[in-house]
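Report on the following structure.
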Amino acid sequence: MAYKVALRKIEHVTHNVLHLVTDKPKDYSFTPGQATELSIDKDGWADKKRPFTFTSLPDNGELEFTIKVYPSHDGVTEQLEKLKVGDHLLISDAWGAIAYKGTGSFIAGGAGVTPFIAILKDLKQKGELQGNQLFYSNHEEKDIIYKNNLQTWLGDDLHLTLSEEKHDDFAHGRIDKDYLKKHNLEPTKPVYLCGPPAMMEALESDLYELGVPKSQLVTEDA
C-alpha cells in the first residue's frame with residue numbers, strides 16, 4: 001500500500017547525510033530496524049523507489065529518516081536534498097529482517113548504522129541498552145552519523161574506527177576479526193551487521209571464524 005506524507009523538516013546532520021521528518025499515516029506501524037520503499041511525489045520521480053530505514057520510534061507521532069546523499073549519482077538522494085518543507089513523499093508498508101534479538105554486538109559501516117539507530121533509541125528509552133556494544137566504521141570523523149548521540153548512549157561500549165583519516169581519538173583502520181576479538185565481541189550472543197557489501201562479506205567470514213553461528217547473525221538478508 002502507498003501512503004502520501006508531507007515533509008515537515010529537512011536538515012543536514014553531517015556534510016552528506018540528511019535528516020527528514022514527515023507526517024505519519026494513521027495506524028502506520030513498524031518495528032525498530034525496519035525500512036520502507038520511499039519515493040518523491042513529483043513528476044518523473046514517483047516510481048523511483050529506494051529503501052530507507054526509519055530512525056524514529058514506532059510510538060512517535062512523526063516518521064524520521066536519516067539518509068546519506070550521493071550527489072554524483074544524479075538520483076533520488078540528490079533530489080531529496082532539493083526538497084522543501086511541504087513537499088510530499090510516497091512510502092510503502094514497512095518491511096525488513098533487522099530486528100532486536102537480544103543483547104549483543106552491532107557492527108556498522110557508514111550509512112549502515114541507520115537500522116541500528118531506532119533499535120538503540122528504543123533500548124535507551126526502555127532502559128535496556130546496557131550490555132550492547134556498537135562497532136562503527138567510517139572513512140573520516142566528519143562522516144560519523146549522530147556521533148554525539150551514540151557517545152552519550154553507549155559510552156565505552158561504542159567503538160569507532162576511521163579507515164581513511166588518522167585521528168588521536170579514534171582507532172585507524174577497518175573493523176576486522178582482530179579488532180572485534182580485542183574488544184571482546186561475545187560470539188554466543190546476537191551480532192547485528194549492516195554496511196557496504198564488501199564490508200559485509202569480509203566481516204561475515206571473520207565472524208564465523210570467531211565462532212559466531214549463522215543463527216546468531218542478524219542482517220537484512222537473513
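The values are calculated or read from the model by the stated rules, or taken from the named source; none is laboratory data. Everything quoted here is computed from the prediction, not taken from an experiment. Cβ atoms come from the backbone with ideal geometry, glycine included; neighbour counts cover every protein chain shown. When the accessible area is computed, the model is the full protein with side chains, heavy atoms only, and any ligands, DNA or RNA have been set aside. Shrake-Rupley method; radii C 1.70, N 1.55, O 1.52, S 1.80 Å.
Observations, loosely collected:
- For segment 173-180, the criterion of being within 28 Å of His15 (Cβ to Cβ) and among the aromatic types (Phe, Trp, Tyr) is met by at least one residue.
- Residue ID - most open to solvent (accessible area, probe 1.4 Å), chosen from residues in segment 31-42 that are part of a loop (DSSP other than H, G, I, E, B) and free of Cβ contacts under 8 Å to residues at least 60 places away in the same chain: Lys42
- Restricting Leu90, Leu83 to residues that are in a strand (DSSP E or B), surrounded by 15 or more Cβ atoms within 10 Å (Cβ to Cβ) and modelled with pLDDT of 95 or more narrows the list to Leu90.
- Among the residues here, His167 does not qualify as open to solvent by 60 Å² or more (accessible area, probe 1.4 Å) and either within 17 Å of the chain's Cα centre (by Cα) or at pLDDT below 95 (or both).
- Answer residue from segment 58-75, given it is within 19 Å of Glu11 (Cα to Cα) and outside any loop (DSSP other than H, G, I, E, B) and is most open to solvent (accessible area, probe 1.4 Å) among those: Pro71
- Subset of segment 16-41 [farther than 17 Å from Tyr146 by Cβ, β-branched (Val, Ile, Thr) and under 16 Å from the mean Cα position of the chain (by Cα)]: Thr31, Thr36
- Residues in segment 124-153 that are under 20 Å from Val69 (Cβ atoms) and open to solvent by 20 Å² or more (accessible area, probe 1.4 Å): His139, Glu140, Glu141, Lys142, Asp143, Tyr146, Lys147, Asn149.
- Condition check for Pro25: of a type outside the set (Ser, Thr, Tyr), surrounded by fewer than 17 Cβ atoms within 10 Å (Cβ to Cβ) and at pLDDT 95 or above: yes
- Pair list, Cβ under 6 Å, 6 or more apart: segment 43-57 residue open to solvent by less than 50 Å² (accessible area, probe 1.4 Å), other residue of a type in the set (Lys, Arg): Leu57/Lys121
- Selection of segment 109-121 for residues being open to solvent by less than 30 Å² (accessible area, probe 1.4 Å) and either over 15 Å from the mean Cα position of the chain (by Cα) or not β-branched (Val, Ile, Thr) (or both) yields Gly109, Gly110, Gly112, Pro115, Phe116, Ala118, Leu120.
- Flag: Ile117 matches the condition of being touching a strand residue (DSSP E or B) at 6+ places or on another chain (Cβ under 8 Å), within 20 Å of Val13 (Cα to Cα) and of a type outside the set (Gly, Ala, Ser).
- Residues in segment 154-164 that are open to solvent by 50 Å² or more (accessible area, probe 1.4 Å) and over 19 Å from Ile117 (Cβ atoms): 2 in all.
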